[in-house]
1. Exposed loop chymotrypsin sites (Phe, Trp or Tyr not before Pro) only (DSSP loop, at most 15 other Cβ atoms within 10 Å): please give the longest stretch of the chain free of them, not including the sites.
2. Contour minus end-to-end for Ser173 and Asn84, with contour as 0.36 nm per residue of separation and end-to-end as the Cα-Cα distance?
3. Given the rule -39500 (n - 2.57) for each run of at least 4 DSSP H residues, summed and divided by the residues of the chain, what is its mean residue ellipticity at 222 nm, to the nearest 500 deg cm²/dmol?
4. Putting +1 on Lys and Arg Cβ atoms and -1 on Asp and Glu Cβ atoms, find which of Phe216, Pro253, Phe237 reaches farthest to the positive end of the dipole of segment 186-254.
5. Need one number: nm distance between label points at Leu455 and Gln259, each 7 Å from Cα along Cα→Cβ, rounded to one decimal.
6. Report the charge-dipole magnitude of segment 71-183 in Debye, nearest 20, computed about the Cα centre from +1 at each Lys and Arg Cβ and -1 at each Asp and Glu Cβ.
7. For the chain, what's the relative contact order in percent, using C-alpha pairs closer than 8 Å and at least 6 residues apart?
8. Can you tell me the alpha carbon radius of gyration of the chain divided by the globular rule-of-thumb value 2.2 N^0.38 Å?
Amino acid sequence: MDLVSIKECFIFNSKLKSPLEKPSDDEVQDAKLLYYYPENTEPLIKRSNLGIIEGTTAFMKEFEKSKTNFLLTELNKVFFLANNYEEDFTICFILLKKAGNPTLFNRYENIETKKYWLKLIIDNFYDSFILFHNTLTKFFISKEKPEINEPLSKEKLNIFNDFLLNFMQYMDSMRFPLIKNVQYFPMSTNMQAGLLLGMQRLQEKIPDLKMSAIMFRGKLIHSQLPFDVISLLYNIFYSSYDNTPKYITFAEPPYEVMQNIALKPDLKVDDEKLFSLKSSPYRKVFKLNDSKNDFLIGIKDTTLNNYNVFIPNIYIKELNCEFRLLVYYYHNMVIFLFIDKKFNVVNQIPKIKKIPKWIDKFFKDSYAVLSKSGRPINFENNLFCYTNNANRSIRLCGFFNKRNQMDEKLFDTLKKALFINENNDMTGLTKFKGYYIYYVKSMGRRIIMFFKDNLTLAQLKKEINRVNKDNFEFIFLD
């Protein structure tokens with residue numbers, strides 16, 4: 001994140017009990033704590049921070065008529081964030097305001113605006129974790145003794161530490177407030193039909209393929225996933241700020257080395273034990289090394305006799321279902337394949353190794369058409385931002401200069417316009433830093449237009465009508 005960083009993170013469950021027969025007050029409090037970063041934090045500070053959050057949350061439940069358990073406290077140098085998940089779990093962040101940068105919010109923002117934007121951070125952390133690791137309940141709670149806090153195994157502690165450190169790197173690459181937004185590639189009916197036909201033919205070859213998504217040059221062109229999931233994946237793999245890929249900076253995956261099954265057809269390997277985690281699969285992919293066609297997540301050939309296998313399980317909470325995830329890079333297309341969890345990877349490796357050939361066969365024509373379309377357009381006279389909450393869509397037009405670099409000052413102005421108007425459902429016009437800013441919010445859509453402030457009001461009205469007609473005439477606004 002450009003203006004805040006995670007100073008501390010902890011997770012607790014107030015219903016958990018100590019395994020001791022007569023625990024002290026400190027031991028009762030310690031039993032609730034499931035995870036704390038940094039690990040070497042003094043026990044007194046851990047208990048104090050947990051107690052503050054627990055007490056404040058309980059107070060809010062008694063006296064506030066709020067449907068949310070989200071807690072925000074702002075001090076001079078930090079934000080305290082906490083939110084409740086899966087009924088009994090509380091995730092807490094202490095966010096440090098980065099020195100040397102302008103304040104994240106200014107005097108025009110109210111507490112509800114701050115809550116809305118900062119809550120996105122902690123929600124994104126939770127959603128990212130369960131996508132790659134299933135629920136907090138499954139990760140932290142023992143089936144045999146669900147009421148007792150049993151210390152995390154060394155393996156699980158390493159996994160969670162790894163996930164958190166990778167999430168912190170993710171925050172560094174995320175441009176606030178673009179946390180859930182997706183940029184879509186403009187598609188004609190023929191292009192869309194070609195992609196769907198290619199995916200249908202691939203599914204005929206892989207009957208266990210349940211869902212898929214495709215991104216091209218940093219924009220979404222096809223998805224069968226729930227919007228929350230594709231938004232999450234998109235922002236993990238790409239920047240909705242400038243469409244640049246993030247996966248080129250991902251760490252090496254915790255892969256398994258396997259012998260060529262053709263050399264040992266009688267080889268028997270437990271599929272579940274094979275993919276037991278050594279570290280978090282979050283933000284992990286195979287390096288492409290200048291290859292134009294290769295698995296980012298899947299199988300990587302190393303020698304004639306061996307290959308590396310990295311195929312994580314993915315949990316989609318909206319469907320309450322797990323899948324095997326394969327991700328294939330084909331020129332500038334990144335193809336996400338969600339395979340049925342029952343799909344036995346070890347037995348199906350020969351089929352997985354055929355996927356590159358099938359993708360080339362079924363998507364070659366579509367790629368040729370895509371590569372010739374959707375070229376950047378110069379919107380010098382149409383300076384606007386459009387967002388749609390229904391599908392997470394965002395369009396940033398006119399923000400690029402001749403060198404294809406984002407105008408940071410203009411983007412900062414946009415950010416302020418989004419923050420200030422978050423709770424404003426009325427059309428508004430204001431003057432700020434050399435621009436007239438025209439704001440429209442209706443039915444989950446927002447349009448922010450920028451015009452030079454040297455226009456007369458008559459000229460401004462004419463320009464607003466022109467931009468509306470050129471870009472938003474097809475959108476119904478009440």
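The values are calculated or read from the model by the stated rules, or taken from the named source; none is laboratory data. Note that the structure is a prediction, hence the values are computed from the model and not measured. Note that we place each Cβ from the backbone using ideal geometry, even for glycine, and neighbour counts take in every protein chain shown. Accessible surface areas use protein heavy atoms only, side chains included; no ligands, DNA or RNA. Shrake-Rupley method; radii C 1.70, N 1.55, O 1.52, S 1.80 Å.
1. 109-473
2. Contour length minus Cα-Cα distance gives 29.5 nm.
3. Estimated from H runs of four or more residues: -10000 deg cm²/dmol.
4. It is Phe216.
5. The modelled label-to-label distance comes out at 7.2 nm.
6. Here segment 71-183 has a charge dipole of around 480 debye.
7. 13 percent
8. 1.08
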